[in-house]
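*Asks:* Okay, here's the structure, questions in a sec.
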Amino acid sequence: MTTTQQDLLPGTRRALTHRIAVAQAEGRAPSLVAAVVRDGRTVWHGSRTSVDGHGPDEKVQYRIGSITKTFTAVLVMRLRDDGLLDLTDPLEKHLPDSGAGEATVAELLSHTAGLAAESPSPWWERTPGSLRPELADVLGEQPYRHPIGRRFHYSNPGYTLLGALVEKLRGAPWEDVLRREVLEPLGLDRTGGQPLAPHAVGWAVHPWADVMLPEPLEDLGRMAPAGQLWSTTNDLARFAVFLVRGDERVLSAESLREMRTPSAPAPEAADVGAGYAYGLGLELRHSHGRVLVGHGGSLPGFLAGLTISVEDDVAAVVLTNCTSGPLVATVAADLVRIVADAEPRIPEPWRPMRAADRPALELAGQWYWGTHSFALRLMADGLLSLGPLSGNGRTSRFRANGDGTWTGLEGYYAGELLKAVRRADGTVSHLDLGSFTFTRLPYDEDAPVPGGVDPEGWRGIG
């Protein structure tokens, strides 16, 4: 992926450099490297380091911790799209005797399976994976902490189970499947389970003194699908583009949109902060009026963050080599905000449809749900867009099914069916949207409004 510094204004580039300089200095990070992606390509790269005369570039590997989970989730979604499983399948259907077979695949992906956050002691991130050779060793004697499906509870063992599921259904080790199905097609040749030079060394910085201690480097074994990977800003920038646009060789844009949709009950704000949600292997945060998607990661010696604003088509990657230090998720969000605010996205030129969909065009215009007024618009991409004409109200876009019906894509009407009900002469009587009746006039007496319309019609007082 080519880095083109000149694509950003000098003031924007300076603001980005200032932000990571403050993060590295105040966070006391041995090194910090970052990249920004806009419109599908890297437009800025920056780094700060405590070593004079040296700055890590976009090809230096850092450990990315739980960003690994997003890669694992992509593999699971590929299994679904290939027809090898359904997200509602209990794990037991594909991985018998796992010890947590009642949980569904979707619940494992969204951290709602009720499993423990960590594997039994000793601390799995600082000890060899050989201490936990089997799934039973990862889960322990009491794997559950909460009722299945009732609440969000982040679980590293849950993603170990998903990695085992990938291995079972693909008949190959998790990392081999990942390389064949994701890394190689996307050109992520500096991402993998083991470090390749040049790579950063992980450090612990003393909390009360400016001294450091090297962190042990462990192979996580069975826990690898939850946090094993090493990567670079260059590779993660490519991965960010994929997470927005998709790649038919790996996963469709529609399946990635599904991953970016909140799937878990809202967690306690004290644990993750306000405005947090979790999809299928992706975190979602609300920040400065934006919805940001991506994932964070940490392992002893390393912190990592990948953040994307889909609406702005801007993404940021931040990697550093210290156990605790800069709040990389906040830094990444700030890098996105700096670019999106300073250089807002220029909309594509408006263009008309290539050919009008006449049945859909007939539905465009003003409709009423009771006395609430809505506009139904036919968009150039062939979707129908429904939204209130004033005030707050439910909005959604609808995709044509090819049989005169449309399916909702988001919001309250996601998955709900919209259909035009016609009279005997073929004219449209009303719209049926998930049993709600939309009419051309408020409580139209010529339409079958549920409950009927008072025969005396509209009137005043007196």
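The numbers here are math on the coordinates, done by the rules we state, and not lab data. Because the structure is predicted, anything quoted here is derived from the model rather than measured. Cβ: placed from backbone, ideal geometry, glycine included. Neighbour counts: every protein chain shown.
*Asks:* What's the center-to-center distance, using Cα atoms, between region 380-428 and region 302-325 in Å?
*Replies:* Going from one Cα centre to the other spans 37 Å.
*Asks:* Of all DSSP beta bridges located in the chain, what percent are antiparallel, nearest 5?
*Replies:* The answer is about 95 percent antiparallel.
*Asks:* At H288 and A117, where each label point lies 7 Å from the Cα along Cα→Cβ, what is the point-to-point distance in nanometres?
*Replies:* In this crude label model, H288 to A117 measures out at 2.9 nm.
*Asks:* Now for a different question. Restricting to DSSP H runs of at least four residues, report the calculated mean residue ellipticity at 222 nm for the chain, -39500 (n - 2.57) per run over all residues, nearest 500 deg cm²/dmol.
*Replies:* Helix contribution divided over all residues of the chain: -7000 deg cm²/dmol.
*Asks:* Starting with the highest mean, order 275-282, 143-150, 220-227 by the number of other Cβ atoms within 10 Å, averaged over the residues of each peptide.
*Replies:* 220-227, 275-282, 143-150
*Asks:* Which lysines, on any chain, are close to K59 with Cα under 22 Å apart, when same-chain ones fewer than 8 places away are left out?
*Replies:* Those lysines meeting the cut-off are K69.
*Asks:* Going highest first, how would you order 292-298, 309-315 by mean Cβ packing within 10 Å?
*Replies:* 292-298, 309-315
*Asks:* Want the number for E184 to A21: 0.36 nm per residue separation, take away the alpha-carbon distance, what's left?
*Replies:* 55.3 nm
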